[in-house]
């Protein structure tokens, strides 16, 4: 069935619908996450405003914004998209569709899991309490049964499968990636760029690789990848023509600006969780993945609900898996699992990983050909910036 969303009326939602949800239990679901958190207000251009006030057992909704420590301005239409989770706070920030007039963006971000509990009854989880054990970096091969792979993916949110592609296949993929990277330009809208400490601009991602390579365009139908995608959910299809298509992540050293090194995030972090998820991203490793090369890390179990991105030092208290992988291995993850790829620490070669992502056909119909949530990253000046760069500039 087609994906549709009802328009949410700003006043009716806050005066009637949300109080009913809070009374039915979503207030208690959110309250435990809000101890010591500042109040948050939303305000529309016509002056309508409501403030979210946490208490030990629930969240109260007050009319006006006088009591709000942080106030977010957005249009009624954009609030409807926000409440429907078609955009998150990050998606609205990048699109320039919300302004924090009091307080700061960080407090709005801090509220996001609680708001999703209020709006969608989505639980806020602590992955460290899920009892996933110590064997977080266990790897598999394609000799494992579908049931074994599915159990691991569903419980942890990610997989590492060794020796999926041969050395010759990896060499062919690498050649196609090298050609695409050489043709990329900072203003082409089909690549991401970052700035290194010496001021040089470097390409850190190329999207829609299938437009340039028939070899890569057909990867989504490879029977090995089809099998892996089916483990994540039935009926999923490759995103060749939307949502960045097949893309490649290229790690670079000494980056000082741009999004070469994504912070802790979810693939639905800009919005569209109910549109995009479940999605399964298969990362084909073109180079060795290690701490020195800028390897991928996952928070095991974080796909089971909302949870906060990790702060420095919290990795020791959470079930974080750093994936060591070889060329030809693949990583597999649900779009909603928290993951990060820190900067490389060695001398190189640095990690390159090509991603083939699978999602529902109705998702691709909703999004439209050539479009995706990441498009909003180019809104400001054609360059992909970090959140810190945007919040400082505004």
Report summary line: Going from the fewest other Cβ atoms within 10 Å to the most, one would list 200, 213, 172 as 200, 172, 213
Query raised in the report: In degrees from 0 to 90, rounded to the nearest 10, what is the angle of the helix 146-156 Cα long axis to the longest principal axis of the chain?
Result: 40
Query - Residues listed by number, the range 115-148, amide nitrogen under 20 Å from residue 28 label point at 7 Å toward C-beta - result: 115-126
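When a footprinting reagent is the concern and you count Cβ atoms within 10 Å, what order do 371, 251, 97 take, fewest first? Intermediate results must be reported in sequence, preceding the final value.
Details: 371 14, 251 24, 97 19.
Fewest-to-most Cβ neighbours within 10 Å comes out as 371, 97, 251.
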Report summary line: residue 60 and residue 135 label points (each 7 Å along its Cα→Cβ direction) are spaced in nm at 5.1
Report summary line: The FRET efficiency for residue 6 and residue 126, from their Cβ-Cβ distance with R0 = 35 Å and rounded to 0.05, is 0.60
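Taking 0.36 nm per residue of sequence separation and subtracting the Cα-Cα distance, how much length would be gained by fully extending the chain between residue 369 and residue 318, in nm to one decimal?
Details: separation 51, 0.36 × 51 = 18.36 nm, distance 3.82 nm.
Here the segment from residue 369 to residue 318 would lengthen by 14.5 nm.
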Report task. Kindly identify the range 10-120 as rounded, prolate or oblate by the Cα gyration tensor criterion: order the square roots of the eigenvalues as a ≥ b ≥ c, call it rounded if a/c is under 1.5, otherwise compare a/b with b/c, prolate if a/b is larger, else oblate. Result -> rounded
Query raised in the report: Going by alpha carbons, how many degrees (0 to 90, nearest 10) lie between the helix axis of 223-232 and the longest principal axis of the chain?
Result: 20
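Determine, from the Cβ-Cβ distance of residue 201 and residue 151 and an R0 of 35 Å, the FRET efficiency 1/(1 + (r/R0)^6), rounded to the nearest 0.05.
Once the sixth-power term is evaluated, E becomes 0.20.
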Report task. Enter the angle in degrees (range 0 to 90, nearest 10) between the Cα long axis of helix 167-183 and the first principal axis of the Cα atoms of the chain, meaning the one along which they spread out most. Result -> 60
**Report entry** Mean separation of Cα contacts under 8 Å, 6 or more apart, over the residue count of the range 130-393: relative contact order %
**Finding:** 28
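Would you please classify the overall shape of the chain from the alpha carbon gyration tensor, given that a ≥ b ≥ c denote the square roots of the eigenvalues, rounded means a/c under 1.5, and beyond that prolate means a/b larger than b/c while oblate covers the rest? Before the final figure, lay out the partial values.
Details: a/c = 1.76, a/b = 1.53, b/c = 1.15.
Taking the square roots of the gyration eigenvalues as a ≥ b ≥ c, the chain is prolate.
Under 1.5 on a/c is rounded, so check that first for the range 270-361, then, if it is not, pick prolate when a/b is larger than b/c and oblate when it is not; a ≥ b ≥ c are the square roots of the alpha carbon gyration tensor eigenvalues. Write down the numbers at each step before the final one.
On the way: a/c = 2.37, a/b = 1.23, b/c = 1.92.
Oblate shape, in that a/c is at least 1.5 and b/c is the bigger or equal ratio.
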**Report entry** Simple spin-label estimate for residue 182 and residue 311 in nanometres, 7 Å along Cα-Cβ
**Finding:** 4.8
Report task. With both partners inside the range 10-120, how many of the DSSP beta bridges are antiparallel, as a percent to the nearest 5? Result -> 75
Query raised in the report: What is the packing order of peptides 130-141, 160-171, 113-124, 272-283, taking the mean over residues of other C-beta atoms within 10 Å and listing the highest first?
Result: 272-283, 113-124, 160-171, 130-141
Requested in this report: Choose one answer from 54, 45, 19: the residue with the largest mean-square fluctuation in a GNM of the chain with alpha-carbon springs under 10 Å.
Outcome: 45
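Among 234, 247, 306, which comes first, then next, by fewest other beta-carbon atoms within 10 Å?
Numbers: 234 8, 247 26, 306 21.
Taking fewest neighbouring Cβ atoms as first place, the list is 234, 306, 247.
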Query raised in the report: Hey, in the GNM for the chain with a 10 angstrom Cα cutoff, which one of 180, 35, 95 fluctuates hardest?
Result: 35
Query - Extension gain from residue 227 to residue 163, taking 0.36 nm per residue of separation minus the Cα-Cα distance - result: 21.6 nm
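Every read-out reported here was derived from the displayed coordinates using simple, explicitly stated rules and does not represent laboratory data. Here the structure is a predicted model, which is why all the values come from computation and not from measurement. Glycine also receives a Cβ, built like all others from the backbone with ideal geometry; neighbour counts cover every protein chain displayed.
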